[in-house]
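Structure first, commentary second.
The values are calculated or read from the model by the stated rules, or taken from the named source; none is laboratory data. Note that this is a predicted model, so its numbers are computed, not measured. Every residue, glycine among them, receives a Cβ derived from its backbone with ideal geometry; neighbour counts consider all protein chains shown. Heavy atoms of the whole protein, side chains included, go into the accessibility calculation; ligands, DNA and RNA do not. Shrake-Rupley method; radii C 1.70, N 1.55, O 1.52, S 1.80 Å.
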Amino acid sequence: QVQVVESGGGLVQAGGSLKLSCTVSGRTSTPNLIAWHRQAPGKERELVAYASSGGYIFYMDSVKDRVTISRDGAKNTVYLQMNGLKPEDTAVYYCAHTGPGYEYWGQGTLVTVTS
C-alpha cells in the first residue's frame with residue numbers, strides 16, 4: 001500500500017510564496033517519479049514539475065523561473081517551492097508517485113492567489 005499526501009496550499013497574495021509538500025509512504029519501487037500536477041477551474045490538468053529517482057528534474061515552461069522542485073535524500077518527500085505567485089497559478093495541486101506498473105495520486109491541495 002502506497003499513500004500520497006500533499007500539504008501546504010492556501011491563500012496568498014500575488015507575488016507571494018508557498019511551499020508545497022508531498023509525502024509518499026509505503027513500499028515503493030525504483031525507478032520512479034514524483035510529480036506535481038495542477039488543475040485550474042475550467043482547464044485541463046497539466047504537469048507542473050517532476051523529479052525522478054535518477055535525479056532528472058522537469059519544469060513546465062510557464063513556471064520554470066519561479067518554481068523549484070526538490071526531493072529529499074530518502075526519496076520519500078518532494079517539495080515544490082513557488083515564488084512570485086500569480087493569479088493564474090490558482091489551481092488544485094496534485095502529487096503523483098509513478099513507479100514500474102503503478103501510479104498513486106494524492107487528494108490535492110488548493111492554492112489560491114489573489115490579485
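Quick look at the values:
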item	result
Highest-first arrangement of 84-92, 57-65, where packing means the average Cβ count within 10 Å	84-92, 57-65
Given charges at beta-carbon only (K, R positive; D, E negative), |dipole| of the chain in Debye	180 debye
Loop sites in region 1-51: GluC sites (Glu not before Pro), DSSP, at most 13 other Cβ within 10 Å	E44
Whole-number percent relative contact order across region 1-53, with pairs defined as alpha carbons under 8 Å at least 6 apart	30 percent
Stokes-Einstein D in µm²/s, Kirkwood radius over Cα pairs - the chain at 10 °C with 1.306 mPa s viscosity	112 µm²/s
Accessible surface of region 53-115, 1.4 Å probe, proportion on carbon and sulfur as whole %	50 percent
Among 35-41, 13-19, the order from most to least packed when residues are scored by Cβ within 10 Å on average	35-41, 13-19
Accessible solvent surface per residue of the chain, calculated while the other protein chains remain in place, 1.4 angstrom probe, Å²	54 Å²
Binned Cα-Cα distance frequencies in region 72-115 - 10 Å width, integer %	22, 43, 27, 8, 0
Relative contact order of region 1-93, pairs being alpha-carbon contacts under 8 Å that are 6 or more residues apart, as %	32 percent
